[in-house]
1. Can you find, within region 58-75, the residue that is most open to solvent (accessible area, probe 1.4 Å) among those that are under 15 Å from P17 (Cβ atoms) and modelled with pLDDT of 70 or more?
2. Quick check on my filter: what residues within region 112-136 are in a helix (DSSP H, G or I) and open to solvent by 60 Å² or more (accessible area, probe 1.4 Å)?
3. Which number in (1) within 30 Å of S13 (Cα to Cα); (2) charged (D, E, K, R); (3) open to solvent by 60 Å² or more (accessible area, probe 1.4 Å) marks the one condition that D81 misses?
4. Answer yes if at least one residue in region 86-103 is touching a residue at least 24 places away in the same chain (Cβ under 8 Å), more than 28 Å from L132 (Cβ to Cβ) and open to solvent by 20 Å² or more (accessible area, probe 1.4 Å), and no otherwise.
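The values are calculated or read from the model by the stated rules, or taken from the named source; none is laboratory data. Predicted model only: the values in this text are computed from it and were never measured. Backbone-built Cβ (ideal geometry, glycine too); neighbour counts: all protein chains shown. Areas reflect the complete protein model, heavy atoms only, side chains present, ligands, DNA and RNA absent. Shrake-Rupley method; radii C 1.70, N 1.55, O 1.52, S 1.80 Å.
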Amino acid sequence: MIKYMIPVPQVRSLYCPVEKVGSTFWQRFIYMIQKSSPRKRKYSHPFEVDINLALVHRPKPLYRAKPRDFKNDFKLMFVRDPYKRIASAFVDKLLAPNPLFWKLIGRSAIEKFRGVDKNRKCFHDVTFSEFLQFVVWAEKSRRELDAHFQVATEVCVPCTMKYDYIGKYKIV
């Protein structure tokens, strides 16, 4: 089953978003396509699309879909070096100010690998080592998984779905 595929019916395509691999850009791009008509384009570039608008109004993923349902559609996904992806997730979600992820991931990582401190209110100082331990623990235990560091092959199942295009995200 394909869990996360996002349909783009205007161009008979399916996109599988892998977090930390340009997925925000692609969701803006999809929104831009959906809101454009052949005669009039509302946006000239994906970065003109407000991210909240793109994420709130994105097409619903096809949770119960099967690969045979889309044999004639163009299917695409993007991958990234897993080490760079995990480092990017740490920087973006835990090192940079991000109270939501400090509470969700930072707290769990610190309590599991540093210990519980009942007086602690903020979990902003999770170390990269604690984060990596947490990611390994989450993957092994299959608990507290987060799309920002879940293995790309588990999200987009390229061994099950025949993709027409698998792009590689590179920062030069």
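1. Filtering first and then ranking leaves K60.
2. K112, F113, F128, S129, L132, Q133, V136
3. Of (1) within 30 Å of S13 (Cα to Cα); (2) charged (D, E, K, R); (3) open to solvent by 60 Å² or more (accessible area, probe 1.4 Å), only one is false for D81: (3).
4. No, every residue in region 86-103 fails to be touching a residue at least 24 places away in the same chain (Cβ under 8 Å), more than 28 Å from L132 (Cβ to Cβ) and open to solvent by 20 Å² or more (accessible area, probe 1.4 Å).
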